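Student: Take this structure, written in structure tokens, and hold onto it; I'll ask about it next.
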Amino acid sequence: MVAPGLLLGFYAQTRIKKNVTEYSQVRTTSGITGAQVARRLLDAKGLQDVAIESTPGVLSDHYDPAAKVLRLSQDVYFTPSVAAAGIAAHETGHAIQDAEDYGPMEFRTHVVPFVQFAGQIAPWLFVAGLVLQTNALTWSGVILFGASFVFALLTLPVEFDASRRAKNLLVTHGIIEGDTQIDGVDHVLDAAAWTYVAAAVSAIGVWLFYVFVLLFRGRGSAAPR
């Protein structure tokens, strides 16, 4: 149950590293860095209030809706490449989603506190139920474990929409031109999409593992008294 998610995750990470490395060597026609790409696209949408910051780490790029800050890894922030432009535009897509109150993103943002709480309490309920032999506690833990895969599923439309917006924005504003650059952005963002799919598959596999463990344990312990 867990293996498909792990294998898919390995495939996704290998693919995104390969594509980012390859298209980091291809300059955009405009020759602007990832930070400049993000600033141009944000300003074009009237989002001058969204700040852009450099953040340490590799592929650590993200948009913080609470702080209204778009954080780009240094390889993206300072690099005038097709890969940097694609990643910066993708994160800009999230800022635009936030500004437009994009439904799936708004819902995902609101369930984050619950998912974090569920992730902390679920193991304790599951173990307590097993120790005390209380099915209600054990099943409560299993149900709360399911919050992680629900969150992973909610992430998919948000990320796919941000990538769609990114591709359209880059072409519309003339930041990328020609088949090579457009194909490069497609390869980078499509590879990134596989990481979200892998996370969803892995989360579902883990949850099903707990469900089946509990079901088969119940059958094995069911005996006449």
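The values are calculated or read from the model by the stated rules, or taken from the named source; none is laboratory data. Keep in mind it's a predicted model, so treat the numbers as computed, not measured. Heads up, the Cβs are rebuilt from the backbone with ideal geometry, glycines too, and the neighbour counts pull from every protein chain shown. These area figures cover heavy atoms from the full protein model, side chains too; ligands, DNA and RNA do not enter into them. Shrake-Rupley method; radii C 1.70, N 1.55, O 1.52, S 1.80 Å.
Student: Work out how much length PHE117 to GLN13 would gain on full extension: take 0.36 nm times their residue separation and subtract the Cα-Cα distance, in nm to one decimal.
Tutor: 34.6 nm
Student: Can you tell me the accessible area per residue over the chain, all protein chains present, probe 1.4 angstrom, in square angstrom?
Tutor: Per residue, the chain has an accessible area of 52 Å².
Student: Percent of accessible area on region 39-151 owned by carbon and sulfur, 1.4 Å probe?
Tutor: Of all accessible area on region 39-151, carbon and sulfur atoms account for 62 percent.
Student: For region 103-225, with equal point scatterers placed on the C-alpha atoms only and solvent neglected, what are the log10 I(q)/I(0) values from the Debye formula at q = 0.12, 0.19, 0.23 1/Å, to two decimals?
Tutor: Log10 of I(q)/I(0), two decimals: -0.61, -1.01, -1.22.
Student: Work out, in µm²/s and without decimals, the Stokes-Einstein translational diffusion coefficient of region 1-54 at 25 °C, 0.890 mPa s, Rh from Kirkwood over C-alpha pairs.
Tutor: Estimated diffusion coefficient is 174 µm²/s.
Student: To check you understand DSSP bridge types, tell me what percent of the beta bridges within the chain (both residues inside) are antiparallel, rounded to 5.
Tutor: Bridges in the chain are about 45 percent antiparallel.
Student: Using the Cα centre as the reference, give the magnitude of the dipole from point charges on the C-beta atoms of the chain (Lys, Arg: +1; Asp, Glu: -1; all else neutral), rounded to the nearest 20 debye.
Tutor: 900
Student: Compute the helix-to-body angle for 178-221: its Cα long axis versus the longest principal axis of the chain, expressed 0 to 90° and rounded to tens.
Tutor: Approximately 10 degrees, to the nearest ten.
Student: Provide, as a two-decimal number, the C-alpha radius of gyration of the chain over 2.2 N^0.38 Å, N being how many residues it has.
Tutor: After normalising by residue count via 2.2 N^0.38 Å, the value is 1.22.
Student: Which length gain, in nm to one decimal place, applies between SER54 and ASP190 when the Cα-Cα distance is subtracted from 0.36 nm times their residue separation?
Tutor: The span from SER54 to ASP190 would gain 46.6 nm if fully extended.
Student: For THR55, enumerate residues with amide H under 5 Å from its amide H, sequence gap 5+ or separate chain, H modeled in the peptide plane.
Tutor: HN-HN under 5 Å from THR55: LEU72, SER73, GLN74.
Student: Rank SER81, VAL50, VAL131 by how far each Cα sits towards the positive end of the charge dipole of region 41-149 (+1 on Lys, Arg Cβ; -1 on Asp, Glu Cβ) and give me just the farthest.
Tutor: The one lying farthest along the dipole's positive direction is VAL131.
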